[in-house]
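What follows is a single structure, written as C-alpha cells, with notes after it.
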Amino acid sequence: MTTAAIIVAAGRGTRAGGPLPKQWQEVAGKPVARWTLEAFAAQVDTLVMVISPRDRARAEALIDGLDALLVDGADERAGSVLNGLEALARTAPDHVLIHDVARPCIPSEVTQSVLHALAQNPGAAPALAVTDALWTGQNDKVSGTQDRTGLYRAQTPQGFHFDAILNAHRAHPGGAADDVEVARTAGLDVAIVPGDERNLKITTPADFARAADILAKQTESALDIRLGNGYDVHAFEDGDHVILCGVNIPHHRALKGHSDADVGMHAVTDAIYGALAEGDIGRHFPPSDPQWKGAASEIFLKHACDLARSKGFEIGNVDCTLICERPKVGPHAAAMMAEMGRIMSLTPDRVSIKATTSERLGFTGREEGIAAIATATLVKS
C-alpha cells in the first residue's frame, strides 16, 4: 500500500499576526511548515505541499533536503486540496493524508492511527470529544446551553482512500469546512480515531509559544543516541598477510580465526550490536556453523549496519583502535577508513582507525596476536 500526504499551506493566516503568513514564521528554531513536513516525511511515500504561487521561492528554499512536491493552491482550501489531489492522480497512491500546515506538532501515533483505520474504512480522521460545557450567547451574555453529547473537535490529518476522495472533491460544489465534509457529502463513511491535545492548530500569536513548548518536548523525547563498544582478539598463525579493517596487509604471520579473522572489523561490528543490545557476532553468526568458515567479515559488518537502520538508527561514527607491535597500521589507516566507510555507507571522516602498542607488555607486546577495541555511536533517525 502506498500513501501520500498533502500539506495545505496556501492560506495567509492573518489572525496569527507577524510579518509573514504563519506557516513561514519560525517556531522552536524552524519555520512552521518545515516542522510539519518533517513530521510526515518518514511516514509516507510521497509528500506534497500546496502553496500560494507568491510563496514559491520561500517554499523552494524551505523544502531543501526533503523529497517534496510543490503545487500551486487556489483561492479557498477545498480548491487547494483538489489541486494537490490532481497532482497525485497520475501515479495515484492507495491512501492520502490531508493535513493543515499550521499543525506542526502532530504526534506520529495519531498519523498511524488514521492509516490503520483506513484498512477498514474509506475515510478516517482524528478528533477530541468535547468535554467542556457549551453555551450559546448573544450580546456577550449567555443565552442558553448546548448538549455536548456526540460533539467532537476535528483535527488533521484526515485520511482517505485516494480515488474516493479525489472523486468526492471533483464533484463537490465548494465551501466545505474540511475534507471530512467533502467525503460525507459524497456518501463516504469516516471513522473517528483519537486525536491529541498536542496536535494544536496555530491560529493566534499565543499559539506559537504553546507549539514551541510542545515541539521542544517532542524533540527531547525523540532524541535517542546509543553508544556501544566492542573488543576482539585474534592470535597469530603461519601465513603471509593479515586483514585489518578490510585491508590486506603483507606480514610474516596471519591471524587465526573461524572467519577471515579481521580483528578490527569484528570489534566495530560488536560495537554496533552492543549499541542495539543485540549481543555480538557469535549470536548472529555462530562459529559452530560451517557456512561461516573463512567468511569475509564484511558480511558481519553489513548485517550489523542493516540491523541498525532497520531499527531506525543511523550510524553517527565509529572509532577503532588496533593494538599490536606489528604490522605498522599508520601507512594503511586511510585505506582502512575508506574501506570501512564504503561497507558502512559512511564518509571516511566518520570512521576513525588508529593504532597503539602495549609497550612490549602482554600477548600483543610479545607479538602473539592483535587486539582491537571499538566504539560506535547510533542516532535515532
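The numbers here are math on the coordinates, done by the rules we state, and not lab data. All values derive from a computational prediction rather than experimental measurement. Methodologically, a virtual Cβ is constructed for each residue, glycine included, from the backbone with ideal geometry; neighbour enumeration extends over all protein chains shown.
How much net charge surrounds Asp132 when only other residues with a Cβ under 12 Å from its Cβ are counted (Lys, Arg +1; Asp, Glu -1)?
On the way: positive: Arg148, Arg153; negative: none.
Once all neighbours under 12 Å are counted, the net charge is +2.
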Lysine-lysine proximity count for the chain, Cα under 18 Å, sequence distance 8 or more or distinct chains: 11
Overall dimensions of the stretch 3-222 as given by Cα atoms, namely Rg and Dmax in Å: 17.3, 54
Tilt relative to the chain, helix 333-344 - C-alpha long axis, 0 to 90 degrees, to 10: 40 degrees
Correct choice for Kirkwood radius over Cα pairs in Å that was computed from the model, options (1) 26.0; (2) 23.3; (3) 24.6: (3)
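For the stretch 166-257, report the convex hull volume of the alpha-carbon atoms normalised per residue, in Å³, without decimals.
Working: hull volume 27.0 nm³, N = 92.
Hull volume over Cα atoms, normalised by residue count, gives 293 Å³.
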Dipole magnitude of the stretch 3-222, debye to nearest 20 (Cβ charges: Lys/Arg +1, Asp/Glu -1, about Cα centre): 480 debye
Computed E for Ala42/Glu237 - FRET, C-beta separation, R0 51 angstrom, nearest 0.05: 0.60
Antiparallel bridges, percent of DSSP beta bridges restricted to the chain (to nearest 5): 60 percent
The stretch 225-380: translational diffusion in µm²/s, Stokes-Einstein, Kirkwood Rh over Cα pairs, 37 °C, 0.692 mPa s: 214 µm²/s
Charge dipole (debye, nearest 20) of the chain; +1 at Cβ of Lys and Arg, -1 at Cβ of Asp and Glu: 720 debye
Value of Rg/Rh across the stretch 246-321 [Cα atoms, Kirkwood radius]: 0.98
Nearest 10 degrees, 0 to 90: helix 77-88 Cα axis against the chain principal axis: 40 degrees
Rounded FRET efficiency, nearest 0.05, which uses the C-beta distance separating Leu307 from Ala191 and R0 of 35 Å: 0.45
Using alpha-carbon coordinates, inclination of helix 263-275 to the longest axis of the chain, degrees: 30 degrees
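Could you size up the charge dipole of the stretch 186-305 around its Cα centre, putting +1 on the beta carbon of Lys and Arg and -1 on that of Asp and Glu, and report it in debye to the nearest 20? Write out the running numbers ahead of the final one.
On the way: 10 positive and 18 negative charges, 40 e Å.
The calculation lands at about 200 debye.
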Per residue convex hull volume, Cα atoms of the stretch 6-49, in Å³: 65 Å³
